[in-house]
Amino acid sequence: MTTATPPPSTRPSILIVEDDAHLRIGLRDNLQDEGYVVSEASSTRDAEPLLREREFDLLLLDVMLPGEDGYSFCRRLRSQGVKSMVMMLTARSLEDDILRGFEAGAQDYLTKPYRLRELLARVRALVRRAGTPPPQVVAFSGFTLDLGRRAVTRPDGTDVELTRTEFDLLAYLLRNKDRALPRGEILDAVWGRDVVVDPRTVDNFVSSLKKKLGWTNASGFTIHTIRGVGYRMEVTSSP
């Protein structure tokens, strides 16, 4: 199910993605009492059309969701250039789970059961941070990747002709540079968990991406193949 509070409004906007109706409604009511404009969805599938309609200041994202989980959804949103602050909500409190949330692109992580006063305090802090959006342009080795225009420009100022998937792949590799990325994680983030794709498809797209960027051994960046795992992007020269 999806419900949305109609725009426009100058009040901060929050999207709750939570499959537990009792928790979702409770969060919605308390946040509305605090003056926020609140929309809600019970799954990532229901959240996507809401995210296409508007840009939210904050996403409250449950980890354990039907279909695509919160980690994969957050990674995919970041690869697509979604700038909203994200707070993960989950019963998982192990350090590895928390780190996984931050690596996916979340700014905060709150374990259930949480205290309402703490949640509201964290929400206020994240909404304040949302007033300073992250950069839309990523520079690497003379290239620029513009998330707003969805364009990549060469050092000579000409655009690199990339498909939608190639652009999303490059954005994800840059966002996670210097980190080993398993093929499965890349597939989830760029193609989506609901899409059945051969893991070797990633290899073909990386090869195409390097060719279109004109990569050589002298380039100031490289996309390393990690045997049996996936890929790691490194940028070795300044923009």
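The values are calculated or read from the model by the stated rules, or taken from the named source; none is laboratory data. If you're wondering where the values come from, they're calculated on a predicted model, not measured in any experiment. Cβ: placed from backbone, ideal geometry, glycine included. Neighbour counts: every protein chain shown. Just the protein is used for accessible areas: all its heavy atoms, side chains included, with ligands, DNA and RNA removed. Shrake-Rupley method; radii C 1.70, N 1.55, O 1.52, S 1.80 Å.
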Could you list, ordered by first residue, the pairs with Cβ atoms under 9 Å in which the first is in the stretch 198-212 and hydrophobic (A, V, I, L, M, F, W, C) and the second is open to solvent by 70 Å² or more (accessible area, probe 1.4 Å) and not in a helix (DSSP H, G or I), at least 6 apart or interchain?
Val206/Thr225; Leu209/Trp215
Test Thr216 against the stated conditions and say whether it is of a type in the set (Val, Ile, Thr), over 30 Å from Thr90 (Cβ atoms) and without any contact (Cβ under 8 Å) to a residue 12 or more places away in the chain.
yes
Looking only at the stretch 45-103, count every residue that is at pLDDT 90 or above, farther than 21 Å from Leu116 by Cβ and aromatic (Phe, Trp, Tyr) and tell me the total.
2
Would you point out the residue of the stretch 188-211, among those that are surrounded by 15 or more Cβ atoms within 10 Å (Cβ to Cβ) and of a type in the set (D, E, K, R), that is modelled with the highest pLDDT?
Lys210
Assess whether Leu126 counts as being touching a helix residue (DSSP H, G or I) at 6+ places or on another chain (Cβ under 7 Å) and either hydrophobic (A, V, I, L, M, F, W, C) or closer than 24 Å to Ser207 by Cβ (or both).
no
Glu34 fails exactly one of the following numbered conditions: (1) among the acidic types (Asp, Glu); (2) modelled with pLDDT of 90 or more; (3) more than 19 Å from the chain's Cα centre (by Cα). What is the number of that condition?
(2)
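Sort through Arg179, Arg164 and tell me the only one that's within 17 Å of the chain's Cα centre (by Cα) and farther than 23 Å from Glu48 by Cβ.
Arg179
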Considering only residues that are open to solvent by 10 Å² or more (accessible area, probe 1.4 Å) and part of a loop (DSSP other than H, G, I, E, B), which ones fall in the stretch 39-67?
Ser42, Ser43, Arg54, Glu55, Asp57, Met64, Leu65, Pro66, Gly67
Can you give me the number of residues within the stretch 148-187 that are assigned to a loop (DSSP other than H, G, I, E, B) and open to solvent by 20 Å² or more (accessible area, probe 1.4 Å)?
15
Scanning the stretch 135-167 for residues that are touching a helix residue (DSSP H, G or I) at 6+ places or on another chain (Cβ under 7 Å) and at pLDDT below 90, the one nearest to Trp215 (Cα to Cα) turns out to be Val138
